[in-house]
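Every read-out reported here was derived from the displayed coordinates using simple, explicitly stated rules and does not represent laboratory data. Just so it is clear, the structure is predicted and the values come from calculations on it, not from any experiment. Note that we place each Cβ from the backbone using ideal geometry, even for glycine, and neighbour counts take in every protein chain shown.
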Amino acid sequence: MNVGIVCYPTFGGSGVVATELGNALAAKGCKVHFISYSQPVRLNIFERNIYYHEVNVHDYPLFQYQPYELALSTKMVETAISEKLDLLHVHYAIPHAYAAFMAKQILKSEGISIPVITTLHGTDITLVGKNPSYKRAVKFSIEQSDYVTAVSKKLREQTLQFFNCTKEISVIPNFIDNSLYQKHENCEKEAFAQKGEKIITHISNFREVKRTRDVIEVFAGIRTKIASKLLLVGDGPERSKDLDKAKELGLGRDVIYLGKTAEVERILCLSDLFLLPSESESFGLAALEAMAAGTPVISSNAGGLPEVNLNGTTGYTCEVGDVAGMTQKAIHILESDKLHKTLKQNALEQAKAHDIKSILPKYIDVYEKALKSKEKPTH
Ligand code: GMT
């Protein structure tokens with residue numbers, strides 16, 4: 001099967017999911033063609049069956065804003081023809097599903113029929129999709145996709161409700177390659193903490209929606225009771241305000257900012273607790289990654305998070321903004337080795353249930369259905 005995957009190339013969850021899915025499909029023998037404006041961060045270009053097609057947006061002085069959707073749909077059309085793509089799988093509705101609709105129409109005019117599968121990831125619906133000026137276009141792109149998947153039940157529910165649409169949306173939860181985490185069993189805790197200190201970790205793109213200030217405040221509360229360090233991984237617009245807050249609270253060198261890194265598995269391996277207090281989260285891939293490393297999670301109960309972080313089982317969920325509750329739960333976990341051990345075991349089980357090996361067939365199933373229902377070419 002020749003699959004075209006359109007995604008964002010950045011560290012964000014949708015790009016990671018799309019890339020890992022493509023890597024897994026390639027390992028199964030599919031030819032996977034990534035279409036993006038830059039090489040996806042987790043793309044293994046040394047792997048067989050992986051190809052990369054860059055979208056080039058040409059600068060032209062007339063345009064104040066360069067037309068990315070136009071360049072993207074053109075690249076989809078070119079790639080579909082040159083690589084004889086069987087289908088296009090676009091991750092994140094905006095503007096990918098919109099550009100895919102155009103590509104499909106252009107190909108149709110040339111007698112080529114290609115199904116479009118759209119995977120909704122979260123902020124494409126919950127934040128950007130809610131922008132009233134985008135609503136019609138996003139709804140249209142979803143309805144015009146041949147198949148639509150969402151990464152959690154909550155996201156499906158929110159999509160159907162918000163856009164008042166009747167489109168069938170299958171839920172395919174995000175996944176993890178557990179084997180990547182098993183490699184890191186000898187954690188180098190002493191790299192960041194003194195003997196006996198606990199390590200608390202947060203990983204995100206430090207946007208407002210992640211409520212990273214809550215992370216700092218929860219840590220400040222934990223630190224009054226338990227000797228610990230906070231590792232902050234990732235980068236984004238809120239980062240400097242967060243570090244200012246840490247200074248203001250006198251957290252000094254106990255907050256360690258690590259920035260963007262490809263060493264996520266090694267960091268999670270040495271973490272005792274993972275914090276994800278987001279305002280909105282369709283799934284929370286970072287929480288699942290923490291669980292794969294056996295790290296219990298304290299998160300908010302926003303969006304799809306309760307489907308991933310099972311309250312009282314893999315960690316705890318609290319109301320958005322409940323800093324006191326999160327702090328109390330965190331201390332409760334860190335003070336009891338017995339509880340920590342139980343949550344760790346359950347977290348590992350939850351990660352196993354979301355292994356790529358069991359989720360990949362769900363996507364292949366959608367692809368097969370899409371191919372079966374493919375329109376007949378006109379010539
Ligand atoms: O908003 C982000 O954090 C990035 C965004 C993305 O699309 O790259 O993440 C969304 O997709 C992830 C992968 O499906 C989900 O795990 C995240 O929960 C979701 N983020 C939000 O809903 C805020």
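Residues M1, M102 in ascending order of nearby Cβ atoms (within 10 Å, fewest first): M1, M102. Across the chain, the longest piece that holds none of the chymotrypsin sites (Phe, Trp or Tyr not before Pro) lying in DSSP loops with up to 10 other C-beta atoms within 10 Å covers 66-379. Distance between the modelled labels on T313 and S373, one decimal in nanometres: 3.1 nm (7 Å Cα→Cβ projection). Between D365 and E335, the FRET efficiency estimated from the beta carbon spacing at R0 = 45 angstrom works out to 0.50. Once the Cα-Cα distance is subtracted from the 0.36 nm per residue extended length, the Y52 to E143 segment shows a gain of 30.0 nm.
Mean sequence separation of contacting Cα pairs (under 8 Å, at least six apart), scaled by the length of the chain, corresponds to a relative contact order of 14 percent. Sorting the Cα pairs of segment 1-68 by distance into bins of 5 Å, from 0 upward, gives 4, 19, 26, 20, 12, 8, 6, 4, 1, 0 percent per bin. Here K225 is the anchor, and the lysines within straight C-alpha reach of less than 24 Å, apart from those fewer than 8 places off in the same chain, are K189, K195, K198, K245, K247, K329, K338, K341, K344. Once the GluC sites (Glu not before Pro) in DSSP loops with at most 14 neighbouring Cβ atoms within 10 Å are cut out of the chain, the longest remaining piece is 189-262. Under the shape rule built on the C-alpha gyration tensor, where the axes satisfy a ≥ b ≥ c, the chain is prolate, since a/c reaches at least 1.5 and a/b is greater than b/c.
Eigen-decomposition of the gyration tensor built on the alpha-carbon atoms of segment 90-150 gives equivalent ellipsoid semi-axes of 22, 12, 7 angstrom, largest listed first. Students often get this wrong: which residues of segment 266-289 have the backbone nitrogen under 17 Å from the point 7 angstrom along Cα-to-C-beta of E190? Those under the cut-off are 270-271.
Rounded, prolate or oblate: which one fits segment 162-273, using the alpha carbon gyration tensor with axes a ≥ b ≥ c (rounded when a/c is under 1.5, else prolate when a/b beats b/c, else oblate)?
Numbers: a/c = 2.40, a/b = 1.35, b/c = 1.78.
Note, shape of segment 162-273 comes out oblate.
Legend note: in the chain, cysteines whose Cβ sits 4.7 Å or more from every other cysteine Cβ are C7, C30, C165, C318. To the nearest ten degrees, helix 323-335 and the longest principal axis of the Cα atoms of the chain are 70 degrees apart. When the helices of the chain are scored as -39500 (n - 2.57) per DSSP H run of n ≥ 4 and the total is divided over every residue, the value at 222 nm lands at -13000 deg cm²/dmol. Does segment 179-353 come out rounded, prolate or oblate, given a ≥ b ≥ c as the square roots of the eigenvalues of its C-alpha gyration tensor, rounded meaning a/c under 1.5 and, failing that, prolate meaning a/b above b/c? Note, shape of segment 179-353 comes out rounded.
Taking a virtual spin label 7 Å from the Cα of E248 along the C-beta vector, which residues in segment 178-212 bring their backbone nitrogen under 14 Å of it? The answer is 212, whose backbone nitrogens lie closer than 14 Å to the label point.
What's the magnitude of the charge dipole for the chain around its Cα centre, counting Lys and Arg as +1 and Asp and Glu as -1 at the beta-carbon? Answer in Debye, nearest 20.
That gives the chain a dipole magnitude of about 340 debye.
Can you give the angle from 0 to 90° between the axis of helix 132-144 and the longest principal axis of the chain, with both taken from C-alpha atoms, to the nearest 10? Between helix and principal axis, roughly 60 degrees.
Among the trypsin sites (Lys or Arg not before Pro) in segment 149-240, those placed in a DSSP loop whose Cβ has at most 13 other Cβ atoms within 10 Å are K183, K195, K225.
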